[in-house]
Amino acid sequence: MQLPNPVYLAIPGFILLLAAEMLYGRRSGKVRFEARDTAASLAMGIGSLGTGMAFGFIFLAYAGTVRPYRVADIGWSWSAIAICFVLDDMLYYWWHRAAHRVRWLWAAHVNHHSSQHYNLSTALRQPWTSAFTPGLIFKTPLIILGFPLGMMAFVSGANLVYQYWIHTEAIGRMPRAFEWLMNTPSHHRAHHATNPRYLDTNYAGVFIIWDRMFGTFVAEDPADVPKYGIVKNLASFNPLIIAFHEWLAIGRDLLRARSPRDAAGTLLAPPGWRPDGQGETTDAIKARWTAAHQGGDIAA
């Protein structure tokens, strides 16, 4: 059985919702757009579709290597799809958390965070280079359990479609029960923020419950309005710079590495790590902020 790719089906809806948000933002002033930034995000989205198709064989080759060790052959059913969706979302949480904590993974994911605006076009700012990271290993449990690859592709696409609508400032808070269980614009605004309070939090794709369970949830605070982007923002709207700037930085740091430890740290330590211990990691930024606020509860 082969289901259609939800992302392809959703593209017309993406465009219509983006146009509606732009119109709403122009009339209300509650959503900010910058023409060059929006164009860069659209270019990144188009490029991501192309690279995804071009390098899809890498995942197929990996899955083909792992599948002989599967413990079952799960057939197609609505219950199997639902279970696969929930498990995939939990694995997405752990991949996403690693993508903020391991520089090699961050090199691709940073593209998505590089916009200093937060609107539906930001959702389309997707990476071109995920195939060159070890991120696909996070799909291994689903392969081992015996879920069909077509089902895995379908639920992964559905997860991505869900995340589109949460990239907006047009929606404040959803009903309390929904906010408790599901990822929402409020939760994801915090995730995209560079304020120390919000760094490395709210990794959820669909279900924010994972962050609540694993200690990474932080609520958006009206007194600490999110500021978007990355710790050191790019001074460019060039899609090539957006897509490859961190890879080039990693390459420079590897050339300067004086030992295998330095090289391993460059790839596997958190972004901002330096061999001399003077790096500006998110841990260091948050520690200074917490100390300045007298150790207050940042997860309030």
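The values are calculated or read from the model by the stated rules, or taken from the named source; none is laboratory data. All values reported here derive from a predicted model rather than from experimental measurement. FYI the Cβ positions are ideal-geometry reconstructions off the backbone, even for glycines, and counts take in every protein chain you see. Remember, those area values only see protein heavy atoms, side chains included, never the ligands or the DNA or RNA. Shrake-Rupley method; radii C 1.70, N 1.55, O 1.52, S 1.80 Å.
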Criterion first (surrounded by 13 or more Cβ atoms within 10 Å (Cβ to Cβ), at pLDDT 95 or above, assigned to a loop (DSSP other than H, G, I, E, B) and among the β-branched types (V, I, T)) does T266 satisfy it? no
Close pairs (9 angstrom Cβ cut-off, 6 or more residues apart or separate chains): in contact (Cβ under 8 Å) with a residue 40 or more places away in the chain in region 157-177, open to solvent by 30 Å² or more (accessible area, probe 1.4 Å) and of a type in the set (S, T, N, Q) anywhere: G157/N5; L160/Q126; A170/S28
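Scan region 22-42 residue by residue and report those that are surrounded by 13 or more Cβ atoms within 10 Å (Cβ to Cβ) and within 24 Å of S236 (Cα to Cα).
Result: M22, G25, V31, R32, F33, E34, D37, T38, A39, A40, S41, L42.
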Please specify each residue of region 52-107 satisfying the condition of being part of a helix (DSSP H, G or I) and of a type in the set (S, T, N, Q). T65, S79
If D276 meets every condition in (1) in a helix (DSSP H, G or I); (2) modelled with pLDDT under 95; (3) not polar (S, T, N, Q) apart from one, which number is that one? (1)
Applying the selection to region 50-62, what residues are open to solvent by less than 60 Å² (accessible area, probe 1.4 Å) and either of a type in the set (D, E, K, R) or closer than 20 Å to V161 by Cβ (or both)? G50, T51, G52, G56, F59
List, please: which pairs have Cβ atoms under 6 Å, are six or more places apart or on different chains, and start with a residue in region 233-247 that is among the small types (G, A, S) and end with one that is part of a loop (DSSP other than H, G, I, E, B)? A243/W128
In region 139-156, which residues are under 23 Å from H188 (Cα atoms) and either among the β-branched types (V, I, T) or free of Cβ contacts under 8 Å to residues at least 12 places away in the same chain (or both)? V155
So which residues in region 208-257 are assigned to a loop (DSSP other than H, G, I, E, B) and either among the charged types (D, E, K, R) or out of contact with any helix residue (DSSP H, G or I) (no Cβ under 8 Å at 6 or more places or on another chain) (or both)? G215, E220, D221, P222, A223, D224, V225, K227, K232, N233, A235
With L160, L145, L181, L199 as the choices, which residue is under 23 Å from A108 (Cα atoms), open to solvent by 30 Å² or more (accessible area, probe 1.4 Å) and among the aliphatic types (A, V, I, L, M)? L160
Going by what's in this entry, would R103 be described as crowded, with 20+ Cβ neighbours inside 10 Å and of a type in the set (D, E, K, R)? yes
